[in-house]
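Taking it in order: structure first as structure tokens, then the write-up.
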Amino acid sequence: MSTYATPGAGPAVYDPLTLPADDNVNRYTFCVELKGGQWFLQKGKMIAYYGAIEFNGIGHGRLDRLVRTSFHSPLHASDWVVAQGSGKMLLADRAFDVNSYDLDDGNLTIRAGNLLAFQPSLALKQSIVPGFLTLIGTGKFVAASNGPVVFMEPPIRVDPQALVGWADCPSPCHHYDHSYMAGVLGGLRAVTGFGGVSGEEHQFEFVGAGTVLLQSTETLMAEAATGAVPSEPGVPGGGSTAPGGHGPQSSGAPRLPGQLGDLQRRFGL
Amino acid sequence: MFRLQGSKVLAVDMTGDAVKAKNGSMVAYDGQMAFKKLSGGGEGLRGMVTRRLTGEQMTVMEVRGHGTCWFADRAAEINLVGLRGDKLWVEAGNLLATDAGLRTGTTFTGLRGAAQGNGLFTTTVEGHGQAAIVSDGPAVVLRVSPQYPLIVDPGAYVAHQGDVRQSFQSGVTFRTLLGEGGGEAFQIRFEGDGLVYVQPSERNTIAGDL
């Protein structure tokens with residue numbers, strides 16, 4: 001058939017018949033099989049495809065119904081496209097590890113930059129935690145991580161940089177080590193770094209039943225811009241307050257980086 | 001004889017023969033080796049001028065000796081390509097080493113190169129022997145056959161070999177201008193009979209944001 005047969009000891013050569021259907025080709029590449037169906041994918045993550053596949057922006061008129069049922073994140077609309085047609089399509093992201101996950105009538109929240117693609121049987125919504133997206137329903141999605149993903153059970157405290165996402169809603173909150181908090185000296189240390197900071201005084205804490213997904217390095221993947229949520233009372237991160245704002249406790253002016261805001265509060269100023 | 005030691009180091013066993021490799025890519029050797037810089041990629045004065053004019057500059061050294069020599073380039077993944085009289089098209093920056101017997105040259109690629117942001121010209125390697133190419137993440141090798149043409153994102157394309165026609169296809173429509181583009185505005189379509197090497201990562205291209 002072809003003169004370019006698989007070379008003896010060389011790498012595996014794939015064609016549409018030997019590519020896996022909805023599975024990994026290698027650690028860094030995932031193959032999606034489309035049979036007239038649709039997939040949502042983040043822009044620019046398709047590296048190659050066989051067959052007839054069309055890519056359309058979320059605003060494409062014919063996709064209106066689909067978008068109504070499974071895409072509820074207007075802030076991300078410009079980052080996502082819908083692939084439809086038939087064929088096999090390869091997805092990859094900056095040579096990071098990619099993996100597919102199956103949700104069975106569940107929910108999962110994931111860092112916005114890590115999600116590559118999902119089936120339209122899942123609904124995508126924005127998490128109230130800024131920069132995270134939540135998938136709800138039944139179906140498959142593909143996510144990238146820097147290094148393999150490990151699954152942990154709460155209760156657990158995790159490093160903010162290693163967190164990829166969490167499933168089945170354990171409740172996440174911030175946790176600061178006590179010595180970092182206690183007294184004026186602790187405050188000085190936290191702000192200036194004098195007297196030794198390990199860089200691990202601040203963690204995310206998860207409690208409740210569920211699963212926490214971690215990546216095995218602390219190198220964050222570049223964040224996809226997530227825009228701003230509407231400015232409404234009660235919406236975390238909404239409005240024009242700087243990301244460091246402390247709600248009712250903040251003293252009016254937004255705190256600038258390097259300002260001794262927390263120290264001032266300790267002294268009751 | 002080329003072999004991979006791990007996925008990021010190329011080991012070449014030599015018995016008095018030679019290989020051409022990217023300048024400065026040797027990481028270790030044992031035995032007796034002589035390294036000689038080849039001006040103009042060993043393609044003579046004409047090749048040198050062509051490379052200078054086309055921007056496909058490549059600094060190449062010739063390694064000759066007895067023993068084993070190891071090559072690596074910025075911890076990039078290395079892929080071995082066997083050539084049996086056919087031709088390999090690869091960007092100069094992605095070519096790590098070739099058997100000394102292989103001929104290298106420069107060729108015009110047209111719009112595909114422009115969309116990739118790495119110029120209108122590319123490097124060709126032909127003859128009988130082995131070549132090693134580097135990619136960001138291990139390359140996936142995809143077969144192009146008459147019944148299965150392949151479409152590739154310009155940013156993920158690394159190399160191709162065989163009797164393949166490439167054409168440039170653009171999905172730029174009025175929607176792209178409205179910011180509602182499909183995100184895959186420029187694509188290269190391969191038809192014919194051959195292999196295409198695709199890396200699991202995209203270079204920044206002018207098409208990347210459309």
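Just a few scattered comments:
- Long-range amide H partners of A:Gly210 with built H, under 5 Å: none
- Positive contributions from Lys and Arg (+1) and negative ones from Asp and Glu (-1), summed over other residues with Cβ under 13 Å from the Cβ of A:Ala209, come out at -2.
- The residues of region A:83-150 expose on average 30 square angstrom of accessible surface per residue, using a 1.4 Å probe on protein heavy atoms.
- Between A:His72 and A:Ser216, the contour length at 0.36 nm per residue exceeds the alpha carbon distance by 48.8 nm.
- Here region A:46-157 is assigned +1 on the Cβ of each Lys and Arg and -1 on the Cβ of each Asp and Glu. Its dipole about the Cα centre then comes out at about 200 debye.
- Long-range HN-HN contacts of B:Thr59 with modeled amide H, under 5 Å: B:Asn23
- Average beta-carbon neighbours from other chains, 10 Å sphere, peptide A:87-98: 4
- Karplus (6.51, -1.76, 1.60) ³J(HN,Hα), θ = phi - 60°, over region A:90-106, in Hz, Gly and Pro reported as x: 9, 10, 7, 9, 6, 6, 8, 5, 10, 8, 9, 10, 10, 10, 10, 6, x
- A:Lys43 long-range amide H proximity, modeled H, under 5 Å: A:Trp80, A:Val81
- In the B-A interface, the accessible area buried, summed over both sides, Å² (probe 1.4 Å): 3100
The values are calculated or read from the model by the stated rules, or taken from the named source; none is laboratory data. Since this is a predicted model, take the numbers as computed values, not measurements. Because the Cβ atoms are built from the backbone with ideal geometry, glycine has one as well, and the counts that use them run over all protein chains shown. Keep in mind that these areas ignore ligands, DNA and RNA; they rest on the heavy atoms of the full protein, side chains included. Shrake-Rupley method; radii C 1.70, N 1.55, O 1.52, S 1.80 Å.
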